[in-house]
Amino acid sequence: MSKTAILEFDGKKYEFPVTEGTEGEVAVKIDKLRGETGGLITLDPGYKNTGSCESAITFLDGEKGILRYRGYTIEELAEKASFLEVAYLLIFGELPTQEKLDRFYKDIKGQSHVDEEMKKILDGFPKSAHPMGVLSSLTNALIAFNPSSVNVDSEEDMYKAIVKLLAKFPVLVAWTLRKRQGQPLDYGDGSLGYVENILKMMFKQPHETYEVDPVVAAALNKLLILHADHEQNCSTSTVRMVGSSHAGLFASISAGISALWGPLHGGANQAVIEMLEGIKNDGGDTHKYMEKAKDKNDPFRLMGFGHRVYKNFDPRARIIKKAADDVLGKLGVEDPVLDIAKGLEKEALEDSYFVDRKLYPNVDFYSGIIYRALGIPTEMFTVMFALGRLPGWISQWREMRLRKEPIGRPRQVYIGENQRAYVPMDQR
Ligand code: ACO
């Protein structure tokens, strides 16, 4: 017999169905709550207890520290797969055969041209503009040059929009960096793999040939896979929400980029390095900063620590920490902030404040140290996160459209003034 949950309100009992996911997660379905009870709704600021959708893409168990894309563990994918393979898996549900992957990449390469007029938009930004703002704007601007990508209803039209975005987004990412650095803009090299091409587009100097360093490419491949999806986080929920109005893929992703920008979300990777640098420049006293993080009168938080869902080690942080040692070793880079990060982690894991609140390093704690070793400037870190998250956002948007989900429109509990009469200006 299927499970139900009973709610008692105003002396009456109401029964609601309980739905169960494939990993045993249970949820009370309350879509009939308001209608049946004559006005009762749920109030859940920050959606800490609210499932916004049923999804078959990513499973995570924050208590056990498990993360899987379409059933495959993040550990196995980060070790064995290519980023494009993972993108295909997330979007279409299965690992591709070589033939399907080749076809997918061929279609992407065929769409990698970004209209020259887009350069004028980029030119309008000052060099000092934050790359996340520039990237979000350029992604939205793509709509003007690809209007057919907006009203997509068929799977075929969705595929075309998806391929266009996967093709053009890395070009925009590279352009935001090159603009900051005063470098000529470039459209990439179709003879290279997806990740290798990203590196070349970002780092090729006008007077030099660019050889892709396999250590750098492998490290970036791993980081992008680790960031590729994380179910209904802030930016992904934003993408689904905007997409639910049928605003189109590019507009939805542009909104997701803005959501990711914040320091409590993807912006934390930049904030972590800035924090570690600050601690280093202040003499490296990690204990002092631990005390600041615990002081409720001090706004300082230990960036890269804590997570809404993980109450255990973020499995991505575990992989990235190991990769940081590995990559820095292989590249012969010595970065003193790695020692500061390890020192902070050690202290936090032994401190009752962090232990009691189940605060562990998250994905952003060590990722910046690797990005830095790869030569990526600090203000580009969150952009790299967006590049990795793109297939996740796309897959969630596609799933939402294919499931014909209704427009997202939460309710509220109004706590403002009751009706009152307009007061003329001279009587206020
Ligand atoms: N440093 C110090 N104290 C912290 C931290 C931290 N990094 N994170 C949480 N806490 C404390 C809170 O002050 C709170 O304490 P209290 O119970 O005494 O009031 C308790 O731990 C619970 O924290 P909340 O903020 O209620 O947890 P929430 O789930 O709302 O927030 C978040 C999660 C935003 C990630 C938070 O841990 C944080 O701000 N971390 C730092 C920023 C960060 O690294 N963000 C990246 C997250 S990963 C990602 O988005 C890709």
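What follows draws every value from the coordinates through simple rules; no lab data is involved. None of the values given here were measured: they were computed from a predicted structure. Positions of Cβ are generated from backbone atoms using ideal geometry, with glycine treated the same way; all protein chains shown enter the neighbour counts.
Condition check ((1) out of contact with any Leu (no Cβ under 9 Å at 6 or more places or on another chain); (2) more than 13 Å from the ligand (Cβ to nearest atom)) across all residues:
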| site | (1), (2) |
| --- | --- |
| Lys322 | yes, yes |
| Asp325 | no, yes |
| Lys330 | yes, yes |
| Ser352 | yes, no |
| Phe365 | no, no |
| Phe385 | no, no |
| Trp397 | no, yes |
| Glu405 | yes, yes |
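Taking the criterion of being buried (at least 24 other Cβ atoms within 10 Å of the Cβ) and of a type in the set (Phe, Trp, Tyr), the residues of the stretch 354-366 that qualify are Phe365, Tyr366.
Among residues of the stretch 367-379 being more than 16 Å from the ligand (Cβ to nearest atom) and assigned to a helix (DSSP H, G or I), the one that is surrounded by the fewest Cβ atoms within 10 Å (Cβ to Cβ) is Glu379.
Of all residues in the stretch 284-320, how many are more than 12 Å from the ligand (Cβ to nearest atom) and under 23 Å from the mean Cα position of the chain (by Cα)? So the answer is 5. Of the helices (runs of 4 or more DSSP H) lying entirely inside the stretch 15-109, those containing at least 2 residues that are under 26 Å from Gly193 (Cα atoms) span 74-80, 83-92, 98-109. Going by the conditions given, is Leu344 within 11 Å of the ligand (Cβ to nearest atom), over 23 Å from Val383 (Cβ atoms) and not in a loop (DSSP other than H, G, I, E, B)? Answer is yes for this residue.
Across the stretch 227-239, a minimum of one residue is classified as away from the ligand (no atom under 14 Å from the Cβ) and not aromatic (Phe, Trp, Tyr). Under the condition of being of a type in the set (Gly, Ala, Ser) and in a helix (DSSP H, G or I), the residues counted in the stretch 155-208 number 3.
When residues in the stretch 240-267 are screened for being outside any loop (DSSP other than H, G, I, E, B) and over 11 Å from the mean Cα position of the chain (by Cα), 10 of them pass. Within the stretch 234-256, the set of residues being farther than 21 Å from Lys160 by Cβ and buried (at least 24 other Cβ atoms within 10 Å of the Cβ) comprises Ser235, Thr236. Applying the condition of being in contact (Cβ under 8 Å) with a residue 60 or more places away in the chain, under 12 Å from Phe385 (Cβ atoms) and among the aliphatic types (A, V, I, L, M) to the stretch 252-270 and asking which residue is nearest to the ligand (Cβ to nearest atom) yields Ala268.
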